[in-house]
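The values are calculated or read from the model by the stated rules, or taken from the named source; none is laboratory data. The structure displayed is predicted, hence computed values, not measured ones. Using ideal geometry, Cβ is built from the backbone for each residue, glycine included, and neighbour counts are taken over all protein chains shown.
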Amino acid sequence: MSSPETTSTAPRHIFRWDLDKTYLRTDFDTIRDLLRTAFERPERKRTVPGAAALLRELKAVGPVQITILSGSPEQMRETLEAKLRLDGVQWDEFVLKPNLRNLLRLRLRALRDQVGYKLPALLNARTRAEGGASETLFGDDAEADALVYSLYADILGDRIGEQTLLAVLEKCGAYRDAIDETLRLARALEKTDPVRRIFIHLDRKSDPAFFRRYGARVVPIYNYFQAAIVLVHDGVLSAEAAVRIGAVLAIEHDFDVRDLIVSAHDTAFRVPIDRRVLGQLADAARAIVDPFPLHAAERTELAKGLDGAAARTSLVPPAPSGASQPFVIDYLAALADDRARWEAAKARARRDAREA
């Protein structure tokens, strides 16, 4: 675990990020992909558009904590930390998977298992958090992030029974010590229900409707401007910060202003967003001039598009917390469906690689 930027005061909000396909544009569907990723230099690694900008804006909110929990092997730490520094990203904790230790102990299932690795790691990280700190989690649709994060949230919200949790861990193929550690932490941790939002970056272009089984807390996103809009609604991020993230996408990543407008409409269609928030975003788009200026015509177009999204959106109350979301998830069914989705996506990726 690495902590180069430890916060001096207790954080009021914790942001937990996955790395591959959530922050880094990583391919690991074939052995060739894995080898290329392992030996790629920091400056050659590609960041998911807008991810670094969002992380920088979140860190500036303060006092907050940025925690990165990745399934990448511990041996890649130096390279991955160098990449984050190149992007101007600060973090407080950085946890990587002990794959070499698993290999030496012949724990071969653990090399691929995400649930048995990430869930106890998340719970362990929560033991180091202040009890009142809220959390927002970022993952992707490549594997099990929506499932793992929802399990984590429901454990801390005291909404999942031990027998169900045990059945899910066993079905995932987790090793006995990982199961025992997860159950121990689940019993010991205070049930403060801190998880407010779970974002799933649709790297695999999964159907957003698939994630309805996890409730309104889970929000699938196509880009990080969409995440920023929801975070403004949640009271986590300012409208000005969200528009700056949109400007970064337009200036640095070849997004058209129309792409941002479509993203805003899609977000408002799928997520209950207070139209006053969209109005705040429109006002910020008209006013923003620094540090990532859009042309005046682009600012005007973006503001009109956001006004249009607001006009089609009802006034809604603030985003509900986990405690006011009595949504019951069928985790065993979700696990089975997730596995089918993962395998289908991997098969498509392998087929595309062969045809390329």
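Here's the yes/no breakdown for (1) surrounded by fewer than 19 Cβ atoms within 10 Å (Cβ to Cβ); (2) outside any helix (DSSP H, G or I):
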site: Thr182; (1), (2): no, no
site: Ala186; (1), (2): no, no
site: Ile198; (1), (2): no, yes
site: Ala209; (1), (2): yes, no
site: Phe225; (1), (2): no, no
site: Ala228; (1), (2): no, no
site: Val232; (1), (2): no, no
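Can you name every residue in region 262-273 that is assigned to a helix (DSSP H, G or I) and crowded, with 20+ Cβ neighbours inside 10 Å? Listed by number, the residues that qualify are Ser263, Ala264, Thr267, Ala268.
For Arg276, the conditions (1) modelled with pLDDT under 90; (2) surrounded by fewer than 17 Cβ atoms within 10 Å (Cβ to Cβ) all hold with the exception of (1). Quick one: would you say Val168 is within 20 Å of Ser72 (Cβ to Cβ), in a helix (DSSP H, G or I) and out of contact with any strand residue (DSSP E or B) (no Cβ under 6 Å at 6 or more places or on another chain)? Taking the combined requirement at face value, the residue does not satisfy it.
Listed here are the residues, each with its yes/no results for (1) crowded, with 24+ Cβ neighbours inside 10 Å; (2) aromatic (Phe, Trp, Tyr); (3) in contact with a Ser or Thr (Cβ under 6 Å, 6 or more places away or on another chain).
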residue	(1), (2), (3)
Ala129	no, no, no
Leu137	yes, no, no
Asp140	yes, no, yes
Leu147	yes, no, no
Tyr152	yes, yes, no
Leu156	no, no, no
Gly161	no, no, no
Lys171	no, no, no
Arg176	no, no, no
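Consider region 279-290 and keep the residues that are outside any helix (DSSP H, G or I) and either touching a strand residue (DSSP E or B) at 6+ places or on another chain (Cβ under 8 Å) or surrounded by fewer than 19 Cβ atoms within 10 Å (Cβ to Cβ) (or both). The one that is modelled with the highest pLDDT is Val289.
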